[in-house]
Structure formats: C-alpha cells, structure tokens
Amino acid sequence: MKGNFELSSLESVVSLAKRRGFVFPSSEIYGGIGACYDYGPLGVELKRNVKDAWWRSMVTLRDDVVGIDASIIMHPKVWHASGHVGNFNDPMVDCKESNNRYRADHVSVLRVEGVEGCPMIAFIDDGGKAREKAEKRFSKFASGNFPSDHIETVLLTDIPLSEFGSVVGPDASKPGTLTEPRMFNLMFETYLGPIQSEESKVYLRPETAQGIFVNFNNVIDTTRVKIPFGIAQQGKSFRNEVTTRHFTFRMCEFEQMEMEFFCKPGTDAQWYEYWKNARLQWFIDLGADPEKLRIRPHDPDELSHYSTGTSDIEYRFPFGWSELEGIACRTNYDLKQHAEHSGKKLEWKDQTSGASFTPHVIEPALGTDRAMLTFLVDAYREEEVDGNQRVVLGLHPRLAPTKVAVFPLLRKDGHPEKAQEIYRRVREVYPAAYDEAGNIGRRYRRQDEAGTPACLTVDHQTFEDDTVTLRDRDSLEQRRIKVDAILGELREQFGF
Ligand code: ATP
C-alpha cells in the first residue's frame, strides 16, 4: 500500500461532504442561502458523535461539571448586561461600486511599502488563489515596476482613512469605492408576542454562555456542586456574520459547546493552564493530528477589557491557521454584570466560613460545526492501493457515523439472510449499515468514504466454519473471526 497523506484541499472535503451526504447547502432547491448549511444522514450522525464526545469528557466523566440546556430566546436585558447590545459589533466596509459588504478586519491589502499614491489592492485572503489574483491586479493598477519583495500585505484596518482613496476594493474595478468602516451589530433581532415594538424586541442568542451565567443560582440551589465547578451547555447560536467563507467554518446559525468553570479568585491562572491543556488533548484523543494543532495566546491588544488571559486552539486548515476554540479567563465580569442588572446576588457562599464571594470564570468555548469541519478535514486522505485510488475518512471510531458495515458476498446462497442476521445483532450495540449492492470492492470504497472503521463480510466459508471476514479501514487487513466473537473483536478494535 502506498500512502499519500497530503494536506487535503478544502474543495475535496466539500465535494466528499456533498457526495456522501455529510453537508448540503441549506434550501438548495431554491439556490441556497448564504452561510447556512444542512447536515445529511452521515453529517447528523457525525455531529451527534462530536457533541457526545464533548459531553462525555466535559460532563459525564467528571464529578465537577453539570449540564444545562437554556432557552435560545432570553430576556433582552441579558444582552444589555453581557455587553452584546452595546459592543457586539464588527467593523464593516461597503463597496459603492459592487454593493458588497465586507468585515474590515477580514480584508487584506497589497501595497508597496512607503510609496505614496501607489494603488493598494484589497482582497479576501482565502489562503489560496485570492492572493495570486490580487498580485495580478496589482501589476495592472501600479504603473511603476515594483520589485515583488517590496510588496507587503496588511489588513485594511491598518490603513489610515486618509489613504482609502487609493484602495481598490476586492470586487471593484477602480480605487476609492470603499466606505469608511462602520460598526454593525451581529445579533439577530425578532419580536416576542403579537405586537412588534421596541418593548417586544428580543434577540436570538449569539452565544450559549449567558444562559449559563443567568442560571448560576438555580444550579447551586439544586445540585451539590462545590467550588470549583463547571456548568456546560451545547446548543444553537446565531450571528449575522457578513464575511462568510470556508464552508461551515463561519455560519450565521451554528452550534456551540461552552463551559463556564467557576473557581476561587486567585486560582484562575492554574485552571486556565489546566483547561488549555485538557481542551487541546481532547482533539488529539479524538485522532486530530497534533502537528496541525496549536495554542495561540492572544496579544494584550486582542484581549477583552475584563479578560486576564485568552488563548485560541487553532488548527492548520487548508486556508491557514484558524481558531477552533477560545479559552478565556473572564474574571468575575459576567456574574458581576448580571448581578448589577438583575439586582440579584450571584455569589458563592462558603459553608464553613460563611464568607461570600463572586467566583472567577474560565471559559472553554468551542464551535460544534468547526470541530466537525476539523475532524473531516483532518481525517480526509487520498491514497493508492494496488494501483487504485481510494478516498478514506480516517475518523476516530467514536466519531465515525457508522461503526460497522455488514455485507453478503453474494446476493444468493443464503448470504443475505445470514448477513442480515449479523447486522441486526451488531446494530443493537454499534451504529451499523447493511449493503448488498454492487461488487464487494465498491462496497468497501463506499464505507471508506463514509469513515466506517470495520466491515464484516459473509461468504461461502461462513456456512462451513461460522466465520466472517473482518476488514480494517486503515490497515486494510482482513482476517476471519468467529461469528460469536464479532462483538468482542469490535470492542477490541474500537476501544469501547
Ligand atoms: P471569530 O473571531 O472567528 O469570529 P469569536 O472569537 O468571535 O470567533 P467566540 O465568540 O469566542 O468566537 O465563539 C467561540 C467559538 O464558537 C469559536 O471558537 C468558534 O469555534 C465558534 N464560532 C463562533 N462564531 C462562529 C460562526 N459564525 N460559525 C461557526 N462557528 C462559530
């Protein structure tokens, strides 16, 4: 077997995701709707598995974390207290020529260092062809001959407004069509009740975290948690993102998995270290390539005013290093804000000393869809086996949508009946598939693309010695095992 574990391009993953029913564009028969996606039969299973793996490690296997599931629509005061109504803004620029709108901090600009009046070419850096195209446009606009090592890339937000007149927008044909950046609130608004007025205005939550803070008292009053402890939540969040690209990386409707870990003031640094490492390890334990993962601490000017430290776990996607998860020390900011706005005490009372204090918080916040995309991209590989190309999703067995596929070698001689019998037994324990269509090689390929780690095949010999072949997705090893031993063998292979 010749392995070819190249960095996959995002397009191959998008195409596999569509072809095999992981991800579809939303409302596709109507032409789709920007940045919204649907998960198909395999995608929904993968998503459940990612969520289950997170819940298992963050809640089920811990004594110090409990879960909740809060409402998406919350009291509008929540978002005033959290600062989202006032501050949850991104700087946007409009292009007067193309009428497109861009997030200013997502626009890159090519310019020649220190040359005044030289045109600057704006582009959205996708880590691929966009920069090359921008360079071509640059030579078209710049009359002088500039050595390429003097061309630099900066962010639009670093260009003084007085120089905007020289910037050619990403989709414009001439300079000077971009407006100055304006702040744009990312929250979706709607109305609760029959009357649409300012009083009935509510928001779709832009993060799940606030549902945790507002339930702080409910949880401590109804459970036996003791500080330090965490409250975890998974669920949908909504952001009116303007620059959406890279498939499901940035969507307007997405899911988050967040946990607020409440600890004694002064122990923040220690728990911050702990959670950074634990969260990185989670991705590695689920098979993600450690070489493509890193922890990036935020620069002081990136930090929110209340944060004493934030790090992103980043993954090296085909489009470059990008944030998967943020781990933030949020001090006691959120509980204090909600205490002030609600007039309720949100404190921890020490039973022995009777002293009360507002706990500090460490927040690991992960996007479910981004985690899925990471596992898909990371697992994707194309390789050559005996002169044939195969596409494989080398997903960790915990994440694989289907764990086992059962095939009859032939559609006669009692093979289908026997295979059905085995399939029905196996699926009681592991999500399984049954397939009798097409030649056996093609059936294996289909399961390789779906990421199924094990295939069982019934053949003539099954009726002689009660054995089937067990084929391993990654090593391609095939060995005969007793029908009675199937579940034990699978448990051995999967580790659960
Ligand atoms: P970004 O800088 O990429 O906009 P953020 O720093 O605003 O993200 P957080 O508010 O920290 O993101 O959200 C926590 C996590 O939620 C992110 O690390 C990401 O995995 C996920 N997430 C945030 N926005 C989106 C989105 N629009 N689509 C998909 N996932 C998202």
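Listing for the model above:
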{"read-out": "FRET efficiency estimate (nearest 0.05) - Cβ-Cβ, ALA355 to LEU476, R0 51 angstrom", "value": "0.20"}
{"read-out": "Cα-centre dipole for the stretch 34-93 with unit charges at Cβ (Lys and Arg positive, Asp and Glu negative), debye to 20", "value": "40"}
{"read-out": "Simple Cβ-charge dipole of the chain, Lys/Arg +1 and Asp/Glu -1, about Cα centre, in debye nearest 20", "value": "860"}
{"read-out": "Mean-position separation - Cα centroids, the stretch 11-34 and the stretch 441-496, in angstrom", "value": "31"}
{"read-out": "29 Å Cα-Cα reach of LYS482 towards lysines, excluding residues that sit fewer than 8 places from it in its own chain", "value": "LYS403, LYS412, LYS418"}
{"read-out": "Potential lengthening between THR308 and ASP69 on full extension [0.36 nm per residue; Cα-Cα distance subtracted]", "value": "83.2 nm"}
{"read-out": "Aspartates and glutamates with Cα under 16 Å of LYS96, excluding same-chain neighbours fewer than 8 positions away", "value": "ASP171, GLU180"}
{"read-out": "Extension gain (nm, one decimal) between SER27 and ASN89, 0.36 nm per residue minus Cα-Cα", "value": "19.5 nm"}
{"read-out": "Computed magnitude of the charge dipole of the stretch 93-184 (debye, nearest 20; Cβ of K, R +1, Cβ of D, E -1)", "value": "400"}
{"read-out": "Eligible lysines near LYS236 by straight Cα distance, threshold 24 Å, same-chain separation 8 or greater", "value": "LYS18, LYS47, LYS51, LYS77, LYS201, LYS276"}
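Values in this text are rule-based calculations from the coordinates and carry no lab data. Since the structure is predicted, the reported quantities are computational estimates derived from the model, not experimental observations. Every residue, glycine as well, gets a Cβ built from its backbone with ideal geometry; the counts of neighbours run over all protein chains shown.
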